[in-house]
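One structure below.
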Amino acid sequence: MHSDPKPKILAIVGPTASGKSELAVALAKKFRGEIISCDSRQIYKGMDLGTGKVPGKWKIFGIARHPERAKRAEGSLKKAFVYKSVPHHLIDFQNPARQYSAARFQRDAKRAIADILKRGRLPILCGGAMHWIDAVVFGQAIPAVKPDFRLRAKLEKQSADTLYKRLSKLDPVRAANIDKFNKRRLIRALEIVIATGKPVPIFQSSNFQSLNYKPLWIGITRPQADLYKKIDARLKQRLKAGMLKEVAGLRKRGLSWKRLENFGLEYKFVSLYLQKKISRGEMVKQLSYSIKHYSKRQMTWWKRNKEIIWIKPEAKKAIKPTKQFLLNKG
RNA sequence: GCAGGGAUGGUAGAGCGGUCAAUUACACCUGACUGUAAAUCAGGCGCCUUUCGGCUACGUAGGUUCGAAUCCUACUCCCUGCA
């Protein structure tokens, strides 16, 4: 049977502070698109400054402006986070106290894409969460085993070596490929094996083929020295804009220091400072380092993806390839 | 000026006669990534060499010793106490 051509989507990637959000908005306006934020921290309500969240507002938009029809229109969003009159999905919707995951994002994003397509608009994925974007675009199956926090706590107490030996016995195939020093991975692998009684399912190693979509990958590059300068400037500006207050506020609303520290970057080091575990100078220094490290990890990840068209930050550089991509039959 | 203490690789900081090209941390470089992903984790990191190995190094200059980052002398600079 002949299947419909895969729907086209845009995926905009690039290291932190490279200017993804602005590019996405520009392209959305030009090509009637809607943005799906792929950012593992911008999903949370109340985490704004530290995540560089666009200053949007929740609004009724599109078809939903007519409440009667909106109710009837199956699957259509009633409202979205709107910035510069472009709807942004999967942003600012989750309680930061609650656990979210790549798997949930994969589901939510697929739904959002379907919804956008239904309205005849172009889905534009945009964000820095490498693993999350890939999970959506490539559609690889994430083993459907929910986290078992009690088991994890128990395994956490064991050494990586012990965990690795156990995994080798239960699932030699997975053990052969896993990073044997990485407890987090070892624990998850064991979690899957213990829950299902079967080895961790193998997926075909990343061949960068999308299962469900036809993506155009656009990556933003800029010289590392420029990027680093921008990172430091942005950090300074965030601190000035009230970063400490934001974190203190989250703490006051009941988030544990541990949770905050686990968010990383701004949330981690500001938390350490607020607890007086490090000095202010130390905080700024550590932050500068770790944001840069993060940007490098992102680049390492995307280097593997040869589909990405790398462009300079100016939006107009992205217009031509996008136009071509959309015109192409296929 | 006198009395002490110190000078080690990009930085902090161990080592105090051989097993030291030098513990460790940070920075830096490269990489991994199967429901925590801004998380988690690995390798490299004086110079030359694919390996074996060689060369130059622990403030400077000498010395002691089979052998010195480690001991001695002088010098230079730095810190502390007394003046």
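Residue-wise test of (1) among the polar types (S, T, N, Q); (2) over 24 Å from A:Trp302 (Cα atoms); (3) within 22 Å of the chain's Cα centre (by Cα); (4) near RNA strand B (Cβ under 10 Å from one of its atoms).
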| site | (1), (2), (3), (4) |
| --- | --- |
| A:Leu163 | no, yes, no, no |
| A:Ala175 | no, yes, no, no |
| A:Ile178 | no, no, no, yes |
| A:Leu216 | no, no, yes, no |
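A:Val137 - would you say it is within 10 Å of RNA strand B (Cβ to nearest atom) and not small (Gly, Ala, Ser)? No; evaluated as a whole, the condition is false for this residue.
Out of curiosity, is A:Trp302 more than 14 Å from RNA strand B (Cβ to nearest atom), on the phi < 0 side of the Ramachandran plot and not charged (D, E, K, R)? Taking the combined requirement at face value, the residue does not satisfy it.
Does A:Lys230 fit the bill of being modelled with pLDDT of 95 or more and either within 26 Å of A:Ser290 (Cβ to Cβ) or of a type in the set (Lys, Arg) (or both)? In short, yes.
A search for C-beta distances below 6 Å between a residue of the stretch A:170-194 that is assigned to a helix (DSSP H, G or I) and any residue that is among the basic types (Lys, Arg), counting only pairs 6+ apart in sequence or on different chains, returns A:Ile187/A:Arg152; A:Ala189/A:Arg174.
Look through A:Arg119, A:Arg98 and report the one residue that is of a type outside the set (Gly, Ala, Ser), assigned by TED's automatic domain parsing to the domain that holds A:Asn212 and without any contact (Cβ under 8 Å) to a residue 12 or more places away in the chain.
On inspection, the qualifying residue turns out to be A:Arg98.
Tell me which strands (runs of 3 or more DSSP E) are completely within the stretch A:27-85 and hold 2 or more residues being modelled with pLDDT of 90 or more, or say none if there are none.
Working: elements: A:33-37, A:57-60, A:79-83.
Once the strands (runs of 3 or more DSSP E) in the stretch A:27-85 are filtered for at least 2 residues that are modelled with pLDDT of 90 or more, what remains is A:33-37, A:79-83.
Residues in the stretch A:107-128 that are crowded, with 22+ Cβ neighbours inside 10 Å and within 16 Å of RNA strand B (Cβ to nearest atom): A:Ala109, A:Leu125, A:Cys126, A:Gly127, A:Gly128.
Which residues, counting only those in the stretch A:275-289, are in a helix (DSSP H, G or I), more than 12 Å from RNA strand B (Cβ to nearest atom) and surrounded by fewer than 19 Cβ atoms within 10 Å (Cβ to Cβ)? Matches in the stretch A:275-289: A:Arg280, A:Gly281, A:Val284. The condition of being surrounded by 12 or more Cβ atoms within 10 Å (Cβ to Cβ) and either touching a Lys or Arg at 6+ places or on another chain (Cβ under 7 Å) or basic (Lys, Arg) (or both) holds for A:Leu260.
The values are calculated or read from the model by the stated rules, or taken from the named source; none is laboratory data. What you are looking at is a predicted structure, and each value in this text was computed from that prediction instead of being measured. Cβ atoms come from the backbone with ideal geometry, glycine included; neighbour counts cover every protein chain shown.
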